[in-house]
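The values are calculated or read from the model by the stated rules, or taken from the named source; none is laboratory data. All values reported here derive from a predicted model rather than from experimental measurement. No Cβ is skipped: glycine too gets one built from the backbone with ideal geometry, and neighbour counts run over all protein chains shown. Only protein heavy atoms, including side chains, enter the accessible area calculation; ligands, DNA and RNA are left aside. Shrake-Rupley method; radii C 1.70, N 1.55, O 1.52, S 1.80 Å.
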Amino acid sequence: MWLLLLFIINAILLIKVFFNFSWRLCFCLSLQFFALLSWICVESLGFFDTIDFQSCLIFWSFPTIPLVIYNFINRSRLSKLEFSELKKNKLLWLVGVIFFFTFLSGILYAPNTIDSTVYHLTRIEFWIQHKNVNYFATQTDRMLYQPPLAEYMILQLRVLQDSDTFSFVIQWIFSLGACIGVSLLAEIAGANKKVQYLSFFIAATIPILILQSSSTQNDVTVSFFIVMTAYFLLKNLKENNSFSAIFSGVSIGEAILTKGTAYVFLFPICMYWGIMKLIKVYRKEAKFLTQLGFLSLLFVSFLIICGTFYYRNFILIDSPLGVSKELFYVYNNQSHSIPSFLSVLFRNISLHFSVPGLHLVAENFIYFLHNYILNLSVNDTKTSFTPFDLPMLGMTEDNAGNFLHFMLIIPALFFVYKSKNSTLKAIATFGLVAFFLFCFQIKWQIWHSRLHIPVFLLLSVPVAFFIDELKFTKKIIGLLGISGIFFSLFCFNRPIIKFPPLTTKTYFTQPRIAHFYHMEEQKGKEMHALIAFLKEKGFKKIGVKSDEKYGNDILYPMIYELRKQAKFYPIQMNNKTKILDKPVGNYDAVLFFTFSPPNLLKVDKNYKKMTVNAENLYIFAP
């Protein structure tokens, strides 16, 4: 943890010495270098099956020690941070309080987001066990085909710390980076210092971003790379240099290697850049070969970063994206008619009306729209991954709405499109078109608000310009500040202040296993007893069989708690990964996730069901 922090700090200083960029840009670039080196670390060490503490320590020591020495020698060349201005800025203090609370939330609780325990963190434990990131047999195939860059970065913390205590730090620090990136976008749109600070503040008070920042998912991390892509492509249009072209490609590659939704959100940004370049060439304002060179730099940078991931997917499933035709239609709309598009669009918008009372108005409007205007079922399987429902007050990192921000975006867009600021219009269009494309392509899900984070970050820039023109700016800032602190204190899964039913009944003072099963107290007790039993028996070789199609949230706590004692081997898969199944045999125990367990389980030999079990999880032993 401290070695990696030392690297990031000294990377900031080195960039400042060499390029004399703003401290904000130096910070964002240092995060991108950290992501890039994490990718190099995992891929290179994994190639030699040497992902472990010693190898990671040596790898990170190589760049960090020279950086520290160089920066110490050249310390006189560093310009000082102007703290006097920062101390007076109340917006920064408010953001500091919000990020302090979210840091506490992350460090005090076990990483208990469902997606994290199903595959984000579980895949990391398997990588550490295998000492590489080669694909392996698993019933939870999301551990394989889902882009891995966020987990590559978490892996560094997990291996060097031998703990998942700081795993949330990746989302947390990239949340800060995303907000700073938004202020850089405001700067490139011609904003003065006040509007830049305002855009940073607006981004930092987005409720779903606040709740995500203490989690171990990847939604804010990918949002950071998308924001930086927009920044560097706009910078390239203005400055027309190789540096911005290369880092545009790096940002695109890092975004796609973090989360698949990046394809949708990056499309309008990249299209705008391409169209503007063609216009410049047509008007003879730029040379065609020079622009072709920039495109080549961009494309090569992106392809190098994503190449190994594409290759593994292609080998397993004959598709570089890793998504089979069957799986493609599970998540993507099967109908693209205008009524279907409007259905998904308004249901996505309704997610940001999760305010007591207003959620009922939004629900009734959605049902009225579908029954009397669109003539569609609100749960049409062609455009729905989950049934339609709205939380009364979303307080988790999966379902929180951004009501205040949404209400500010609407008038801000009218304001922007009436202005003469072409760059500001472009940024607003990026967010708007990306949201429409998202609704056009991806089936509605109840937890989609977290996938909207890139849209709200991009649109924070026009909102900042708009608010700056209002006479009641302070009142809006006050509302956003109160909202931001509220969400940072009362995260449902990881509350700083416990206040049921607004938050879970579980508190950080309770045993770690209770954090994972805060909604199912009895299940938590069963899992605690089961893990204690496995430790007591000293099982070293444990088979894992599952009847559950999409995985479960039970395996991670076990594999983590038994990490120094046992190795886990997925067996008897019924999906495409079964070709990777290499049975070890002679297991000390087999864990079977099923609703109807047999008394005798046939693997390499017969295994009998034991008496210590948990809900839908049964232990079999020879």
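Assorted remarks:
- In order along the stretch 433-444, the phi-based Karplus estimate (6.51 cos²θ - 1.76 cosθ + 1.60, θ = phi - 60°) of 3J(HN,Hα) comes to 5, 4, 5, 5, 4, 4, 5, 5, 9, 10, 4, 5 Hz; Gly and Pro are listed as x.
- Protein accessible area in the stretch 468-598, 1.4 Å probe - carbon and sulfur %: 58 percent
- Extension gain for L289 to L580 (0.36 nm times residue separation, less C-alpha to C-alpha distance): 100.2 nm.
- Across the stretch 381-475, C-alpha contacts under 8 Å between residues 6 or more apart give a mean separation that, scaled by the residue count, equals a relative contact order of 44 percent.
- Relative to the longest principal axis of the Cα atoms of the chain, the long axis of helix 242-256 lies at roughly 30 degrees.
- Phi-derived couplings, Karplus 6.51 cos²θ - 1.76 cosθ + 1.60 at θ = phi - 60°, listed residue by residue for the stretch 262-276: 4, 4, 5, 6, 7, 4, x, 5, 5, 5, 4, 4, x, 5, 5 Hz, with x used for Gly and Pro.
- Loop-located trypsin sites (Lys or Arg not before Pro) in the stretch 249-308 (DSSP state not H, G, I, E or B) with no more than 16 neighbouring Cβ atoms inside 10 Å: R283, K284, K287.
- Checking (1) 29.3; (2) 33.7; (3) 40.0 against the coordinates, the calculated mean projected area of the Cα convex hull in nm² falls under label (1).
- Per residue, the Cα convex hull of the stretch 187-303 amounts to 106 Å³.
- Counting only alpha carbon atoms, the long axis of helix 521-537 and the longest principal axis of the chain meet at about 60°.
- Per residue, the chain reaches -19500 deg cm²/dmol at 222 nm when only DSSP H runs of four or more residues are counted, each adding -39500 (n - 2.57).
- Once exposed loop GluC sites (Glu not before Pro) are cut out (DSSP; at most 10 other Cβ, 10 Å), longest piece of the chain: 286-622
- Cα centroids of the stretch 177-199 and the stretch 248-298: 22 Å apart.
- The alpha carbon centroids of the stretch 319-342 and the stretch 570-622 are separated by 34 Å.
- Pairs over the 26 Å Cα-Cα cut-off, from the set K578/K608; K545/K608; K194/K475; K567/K602; K535/K609; K194/K259: K194/K259.
- Given 10 as the ceiling on other Cβ atoms within 10 Å, longest exposed-site-free region of the chain for chymotrypsin sites (Phe, Trp or Tyr not before Pro) in DSSP loops: 49-471
- Sequence-distant residues sharing a close amide H with L617 (under 5 Å, placed H): T594
- The count of lysine pairs in the stretch 1-142 with alpha-carbon distances below 25 Å, taking only pairs 8 or more places apart or on different chains, stands at 5.
- Trypsin sites (Lys or Arg not before Pro) within the stretch 438-485, DSSP loop, no more than 14 other Cβ atoms inside 10 Å: K471
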